[in-house]
Amino acid sequence: MTTTDAATHASHEGAHDDHGEHHALPLWLLVMTWGALMGLTGLTVFLATQFHLGAFELPVAMGIATVKAVLVMFIFMHLGFDKPFHSLLILGSFLFVFLFIGFAMMDRGQYDGQISARTDVDLYTE
Amino acid sequence: MSDAHGHPDKPFLQHHFEDEEHQFDAGKLGIWAFLVTEVLFFSGLFCAYAIYRGMHPEVFTYASRALDTKWGAINTCVLLFSSLTAAWAVRNAQLGQKKLLVANLALTIACAFGFMGIKYVEYTHKFHLNIYPGVEASEYLEGSFPAPKAEKVAYDVGVQAGAGEAAEGDHAEGDHANGDHGDDHALVKWNDPNIDPRVKDRLKTFFGIYYCMTGLHGIHVLLGIVVFFWLLLRAFKSHFTPTYYGPVDYGALYWHLVDLIWIYLFPLLYLIN
């Protein structure tokens, strides 16, 4: 059994070298990703505190956050170098979050008139 | 027969897996499935946020001034750095660099404590202003809090809004002035008689969401500390090898997700103008 294990082990070592699936990410890539994330954090704070973007404020902030999220997932979480199935899983969860919040907002919109017409006291005491 | 499935030379390879690759892949699928449930778990709070902000955007704009952008930004940087050290730790484990692995795991834990420390400062500040999660908040929101408290709230929010009238206030709060400098918002007073009472009444909605979202996120950070202490202990014992580093990878993935959620929480709560 031990020899078989050793053989399997050896063959897998070979597989690692061939496919590079489990190769460690280079340090410069990790550090540069972190630098980009810090830069984007600075940018979003700068835009939010120094400018009045009005209606664009939320989309811009969410856009920057999404770029950061993609960087974290693609590089720090190895999704860019991992089995595509893991990306499919997490993207699937985002799809359902989108449906959940989207439908909830649509439903909320349907009752906008009725809710706005009532006072907060009514809403809170029920 | 049972011995035939054992792996005596690999102490951490469970008998029901063919080899380390098999075990690693199974664990990786498991952690990703868990992260999916985490995303869905948090989505309920994001949904509540979206609906209440859609209903009362002015309340979010107003109440957000009670949050200090400076602390939020610092905490974002602390978490991003801890994500770097966590990703680096995975690399160390893959390459069998024990000392660096221990150092990076320890740094990640230190950052997690730093994050919670800053959260403690922020929460304490709010408790000081009588802003509590839950029903107690209503007392303060109804305006029945004592006058000095009202002055203090007005002072802090006023300073955040960039007003200069607070110069006579206590110096300990002076650093808040740096949070929003150059802002030409009108002075906002929480005890302002001109404020729409309905806005005041709705403030508890914002702080309820604030406490739920940051609180749940904070619980995840605390759990991350436990996980990383466990990893640190195992790294000390030299458990991890280039062919057995799954737990480090899974722990780091969890930590990155906690970071990911904060990446969205920070602009949603702190950066509202």
Here's a check for you: in the stretch B:46-93, which residue that is polar (S, T, N, Q) and more than 19 Å from the chain's Cα centre (by Cα) is modelled with the highest pLDDT? B:Asn92
Note on B:Leu29: of the conditions (1) surrounded by 18 or more Cβ atoms within 10 Å (Cβ to Cβ); (2) at the interface with chain A (Cβ under 10 Å from one of its Cβ atoms), unmet is (1)
The stretch B:222-246 residues that are on the phi > 0 side of the Ramachandran plot, paired with ones that are charged (D, E, K, R) (beta carbon under 9 Å, 6 or more apart): B:Ser238/B:Lys98
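To keep it simple, each residue is scored yes or no on (1) free of Cβ contacts under 8 Å to residues at least 60 places away in the same chain; (2) closer than 30 Å to B:Arg202 by Cα; (3) in contact with a Lys or Arg (Cβ under 8 Å, 6 or more places away or on another chain).
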residue	(1), (2), (3)
B:Phe12	no, no, no
B:His15	yes, no, no
B:Glu20	no, no, yes
B:Ile31	no, no, no
B:Phe34	no, no, no
B:Glu38	no, yes, no
B:Ser43	yes, yes, no
B:His56	no, yes, yes
B:Thr69	no, yes, no
Look through A:Leu89, A:Leu29, A:Leu71 and report the one residue that is closer than 27 Å to B:Leu45 by Cβ, more than 7 Å from every other protein chain (Cβ to nearest Cβ) and modelled with pLDDT of 95 or more. A:Leu71
Is there a residue being free of Cβ contacts under 8 Å to residues at least 40 places away in the same chain, of a type in the set (Val, Ile, Thr) and farther than 19 Å from B:Lys28 by Cα anywhere in the stretch A:74-90? no
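The values are calculated or read from the model by the stated rules, or taken from the named source; none is laboratory data. Everything numeric here is computed off the predicted structure, so don't read it as measured data. Virtual Cβ from ideal backbone geometry, glycine too; neighbours counted across all protein chains shown.
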